[in-house]
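Down below is the structure, laid out as structure tokens.
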Amino acid sequence: MRDAAFWSLSVLLLGAAAAVVTARSLIRAAFALAGSLLATAALYLLLTSPLLAAVQVLLYTGGVLTLVVFALVVAGANEPAARFRKPLPAGMLALAVFAALASAIGTLPAGPGVGGLESGRDVGLALFGDYLVPFELLSVLLLAAVFGALLLARRERAS
Amino acid sequence: MLPLALTVLAGPLGALALIGLVPPLRRSGRPAAFVAIAGTAVALMAAAALAAPFVTAAPPAPAAFELVWMPLGTVPAIPFGLLVDGLSASMAVLVALVALLVQVYSLAYMAGEPPSSLGRYFAYHALFAFAMLGLVLAHNLLQTYVCWELVGLGSYLLIGFWFDRPAAGRAALKAFWTTRLGDVGFALGIVVLWSAAGTFTFAELFAKASSGAIAGGALTLGMLGIYAGAMGKSAQAPLHVWLPDAMEGPTPVSALIHAATMVAAGVYLMIRVAPLLALTPAVAEAVFAIGVATALLGASMALVERDLKRILAHSTVSQLGFMMAAVGSGGAAAAYFHLLTHGFFKALLFLAAGSLIHAFHTNDIFSMGRAVRAMPVTSACFAAGALALAGILPASGFFSKDEVLAAVLAGGHPVGFAILVGTAALTAFYIGRALLIALVGAGSGASREAHDPPPAMTAPMLVLAVPALAFGIAGPTVSRLVAAPEEHAPVVVPILGTLAALGGAAAAWVAFRRGALEIRARGPLAPLIRALERRWYLDAPFEWGYRVLHAGVFRGIAWLDRYVVDGAVNALAWGTWGAAGRLRAIQNGRVQDALYAVAAGLVLLAWLAWGA
Amino acid sequence: MTAPALLLVASALFSIGLFGVLARRHAIAVLLSIELMFNAVNLAVVTVAWSRGWLAGVVLALFGIAITVAEIAVGLALVLLASRMPGRVLLDELSELDG
């Protein structure tokens, strides 16, 4: 049952990803990305990380998708006639990277995971206990990103 | 003693650095001259202080100072060092003294030069003085060789000082190439000796050679090489051809370099390695034979020369032959004595000749004349030098030539002795001829308004005249300087020498007392005289060789350079150009192309980590 | 469902994303592809955490998500900025990246 779910989710994930990188329409690509992120969230569930799956759906999928669509609306899709530049070498290099990673994975011992990875409570305690300082620094990073994005995207006033 | 020895070198080197590195000083002319003179004066004082203990009755032991120069791993390191003994200290005094006098003389002689080239002239002088003193004080062969080449460079620069005269440029090149020919042998000889003995240091070489630690063949080969170098520098036949042409340089330069010091470097070197020469009789024989031949050759060519400086140049060649003959027959002390006296009287002769040339604006002795009344000081100085050169009592040349002849006779060379006595007669004849024609005769220049030069020129001549006349009494001291036993020549030697000199002088008097009377190329002697005027046709093989080299080898080298070397360089350039054109694509400022490299790097890392 | 299998899926996702980054011309499409790659890395982190039972991996993944969101906000702002210059959202025409 779990294996079947894993394989079907994997196929869904990779298919959606392929759609992201090949779709002619950027809107379609954005929604395909949302699909692949959701499939990943489902995989997180299988990996016994429900909190992570929830965060993935709420923050990542929702936030990213909203941002992207918003940007497309503002900037205009104005899609080029040609989607790709030099797709053949890019594809070969991507395949080579996959082969490299796969050969590395081939050296790992196979086996089921330990499982029972987290409860939300554990993660919360970890975040506000051991990882409190990085967590707070992260908030500074997010704040900086907000300011940076505002600064960059702001229209220059004619003055 | 070490600080003094270093001061000897530091004086001229400091002057060279100051003049060379401070362009305003060099361009200012006379201030640069004073800097050079001060540097040489410092060197002279230090050298005198260095030499003073060695002329006492109880001379100190020779002192050597050395530092590691090039560590060579398993073989002994190459040292850098100074050797202070009677020979080097006294030679340093001669070099510094003549250099100082010539520089003072040059102040007036070269006064017509523009300031910047005057600065250049004195910079060259400082370079030469430094190199020559370094050569004299060197305590190993490699260092000698380095200074040897520096001295050659100084000579080249000064011969070609008036580089806008084609003849000067050609003469500088000729001197450089001819001496290089010998230097190749010198370098090979050093290498041979080093590979056989494992050391460059004189003292160690002597010790190893006398204990038989150096194979006989290698020693002979090495000494032959060193002698080849000395042949080039000391103008031994057939490599003498450069010295007469070197007279294209300024006359003070000829006095310093091509008479008193540099050309004596070859003789000095042979005296320095005399202990090795004593172990290689075959080489010593060659040194002797070539020396005798050179002495005769030089004197014969001086007989018919019209150019005053060239007469003196041929005479230098001849006198160097005398010295080499003495070295080759085991009389290093005699050779050194003659080297010193010759340094004094030949420098004097050249400076006096410079004054004559300065006054008459020509080198041709037949265009001079009646100088005795117009230029009494110059004439007296020239006469003193001529007396010494001819070897007539009581001038210094008499004593040193006497010792040379005695050494040759003691070395068991009666034939060589006879030739040298004959050459001494020729010497007296040709210098008498020059003196009578230039000073007494009624040449075309006799009516000119000639007068003695300013004191800056006469003072050095007068200073040099003293040792030229009186240095003969220093003979025993010189023997002590080189630690040679005092020998008493058979009484027949000075008698024969004096007779030869007086005979030559008398013949000159008979032939030239009425003033300008040229030996005409006529009668049975005509072919001989023509051969002499053409300098025995000895320049021709060199010119032919040079031309053949030029036509054949050098053209081949030029072709090689143009198409192979340049071709390779051009190919490299074009390759770089082409590769740059392609590689420019990397630096196109496109972020995705940069990412290709990142991804490829990832693949490479993975392959390194797991693939190989 | 084994860790290597999951890692292989993550690798495939990463490579697909890489292809998109290298080959797409539109800046927003490239940003989307970058998201795929980030996602692949997160998946790999969680997989390793799961196979070893390391809670820290989950925390790392959370941090990764937060940083990714910040990154895409800035990235989209850059795209907006570029889009104000006519036709400059095509990356192969943006060639002023120096140094």
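One residue stands out among those in the stretch A:107-127 that are touching a helix residue (DSSP H, G or I) at 6+ places or on another chain (Cβ under 7 Å) and modelled with pLDDT of 75 or more: the one that is farthest from the other protein chains (Cβ to nearest Cβ), which is A:GLY120.
Taking the stated definitions as given, is B:LEU83 closer than 14 Å to B:VAL8 by Cβ, part of a strand (DSSP E or B) and either of a type in the set (Asp, Glu) or over 16 Å from the mean Cα position of the chain (by Cα) (or both)? Quick ask: steps written out before the conclusion?
Details: closer than 14 Å to B:VAL8 by Cβ: yes; part of a strand (DSSP E or B): yes; either of a type in the set (Asp, Glu) or over 16 Å from the mean Cα position of the chain (by Cα) (or both): yes.
Against the criterion (closer than 14 Å to B:VAL8 by Cβ, part of a strand (DSSP E or B) and either of a type in the set (Asp, Glu) or over 16 Å from the mean Cα position of the chain (by Cα) (or both)), B:LEU83 qualifies.
Outside any helix (DSSP H, G or I) and modelled with pLDDT of 90 or more - does that describe any residue in the stretch B:138-149?
Checked the stretch B:138-149: at least one residue is outside any helix (DSSP H, G or I) and modelled with pLDDT of 90 or more.
For every residue, the table says whether it meets (1) without any contact (Cβ under 8 Å) to a residue 60 or more places away in the chain; (2) facing another protein chain (nearest Cβ under 7 Å); (3) not small (Gly, Ala, Ser).
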residue	(1), (2), (3)
A:ALA5	yes, no, no
A:LEU12	yes, no, yes
A:ALA17	yes, yes, no
A:SER25	yes, no, no
A:GLY35	yes, no, no
A:LEU38	yes, no, yes
A:TYR60	yes, yes, yes
A:VAL68	yes, yes, yes
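Do you know which of the residues in the stretch B:6-44 that are out of contact with any helix residue (DSSP H, G or I) (no Cβ under 7 Å at 6 or more places or on another chain) and closer than 18 Å to B:LEU135 by Cα is surrounded by the most Cβ atoms within 10 Å (Cβ to Cβ)? The extreme case among them is B:ALA10. Of the residues making up the stretch C:3-13, those that are farther than 11 Å from A:TRP7 by Cα and facing chain A (nearest Cβ under 7 Å) are C:ALA3, C:PRO4, C:LEU7, C:LEU8, C:SER11, C:ALA12, C:LEU13. Selection of the stretch B:287-307 for residues being of a type in the set (Gly, Ala, Ser) and under 20 Å from the mean Cα position of the chain (by Cα) yields B:GLY291, B:ALA293, B:ALA295, B:GLY298, B:ALA299, B:ALA302. All conditions in (1) of a type in the set (A, V, I, L, M, F, W, C); (2) modelled with pLDDT of 90 or more; (3) in contact with a Ser or Thr (Cβ under 8 Å, 6 or more places away or on another chain) hold for B:LEU239, with the sole exception of (2). Only one of the numbered conditions (1) out of contact with any His (no Cβ under 7 Å at 6 or more places or on another chain); (2) surrounded by fewer than 24 Cβ atoms within 10 Å (Cβ to Cβ); (3) part of a helix (DSSP H, G or I) is not met by B:THR362, and that is (3).
Condition check: outside any strand (DSSP E or B) and surrounded by fewer than 20 Cβ atoms within 10 Å (Cβ to Cβ). Does B:GLY112 satisfy that?
On the way: outside any strand (DSSP E or B): yes; surrounded by fewer than 20 Cβ atoms within 10 Å (Cβ to Cβ): yes.
So B:GLY112 fits the description; yes.
Test of understanding: among B:PHE417, B:PHE429, which residue is free of Cβ contacts under 8 Å to residues at least 60 places away in the same chain, more than 20 Å from B:LEU340 (Cβ to Cβ) and assigned to a helix (DSSP H, G or I)? Step through it out loud before you land on a result.
On the way: B:PHE429 fails: free of Cβ contacts under 8 Å to residues at least 60 places away in the same chain.
Just a single option satisfies the conditions, and that option is B:PHE417.
When we screen A:THR40, A:THR66 for residues that are modelled with pLDDT of 80 or more and within 29 Å of A:ARG154 (Cα to Cα), the only hit is A:THR66.
A residue that is free of Cβ contacts under 8 Å to residues at least 40 places away in the same chain and either surrounded by fewer than 24 Cβ atoms within 10 Å (Cβ to Cβ) or closer than 23 Å to B:PHE471 by Cβ (or both) occurs somewhere in the stretch B:278-291.
The values are calculated or read from the model by the stated rules, or taken from the named source; none is laboratory data. All figures in this text were calculated on a predicted structure; none of them were measured in a lab. In this analysis, Cβ positions are derived from the backbone assuming ideal geometry, glycine residues included, and neighbour counts consider all displayed protein chains.
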